[in-house]
Amino acid sequence: MQEFFKLEAAYLVMGLVALLITWFVSTRPFMSSSAPRNGLMGVALVVAILVGGHYAMTVSRMASVREAFTQDKQILCESRMLRKVAQSVVIQKSKGWTLEGNLFSSPDYTRPFHAARCIVQKAISLR
């Protein structure tokens, strides 16, 4: 559950803001008396579906990244340290990277890379 809050914190905050806006608008005098209940239920359902879907996709991608790492495939991770020079870092088990939980680390980098911010690099076929 802790990982859910780590991965989805920004989206949960945005959902809360959407619920607060819905509550504010639906409680105005010109709205019907059932508007707060119907509005909040509808927005909460949409937010729950979107956040749940995003979490499911992220967890699935993380599993494929971990599996690809054990098979020594190349993985691309977002680099938040080197924004101007290199947007991504290539991670591969045979190049000295280790996976501890969901964090990739290497002696060459000071910060670890989270598997949620990585994708498996697809092989490019030149025909």
With surrounded by fewer than 14 Cβ atoms within 10 Å (Cβ to Cβ), among the aliphatic types (A, V, I, L, M), modelled with pLDDT of 90 or more and closer than 30 Å to residue 110 by Cβ as the only criterion, which of 25, 46, 13 stands out?
13
Flag for residue 102 being on the phi < 0 side of the Ramachandran plot and in contact (Cβ under 8 Å) with a residue 60 or more places away in the chain
yes
With a cut-off of at least 1 residues that are hydroxyl-bearing (Ser, Thr, Tyr) and touching a strand residue (DSSP E or B) at 6+ places or on another chain (Cβ under 8 Å), name the strands (runs of 3 or more DSSP E) lying wholly within region 1-120.
88-91, 98-100, 103-105
Residue 30 passes all but one of (1) without any contact (Cβ under 8 Å) to a residue 24 or more places away in the chain; (2) closer than 24 Å to residue 120 by Cα; which number fails?
(2)
Test result for residue 40, surrounded by 10 or more Cβ atoms within 10 Å (Cβ to Cβ), over 21 Å from residue 111 (Cα atoms) and of a type outside the set (Gly, Ala, Ser)
yes
Members of region 49-70 found to be within 15 Å of the chain's Cα centre (by Cα), surrounded by 13 or more Cβ atoms within 10 Å (Cβ to Cβ) and of a type in the set (A, V, I, L, M, F, W, C), listed by number
50, 51, 59, 62, 65
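The values are calculated or read from the model by the stated rules, or taken from the named source; none is laboratory data. Owing to the predicted nature of the structure, the values given are computational and were not obtained by experimental measurement. In this analysis, Cβ positions are derived from the backbone assuming ideal geometry, glycine residues included, and neighbour counts consider all displayed protein chains.
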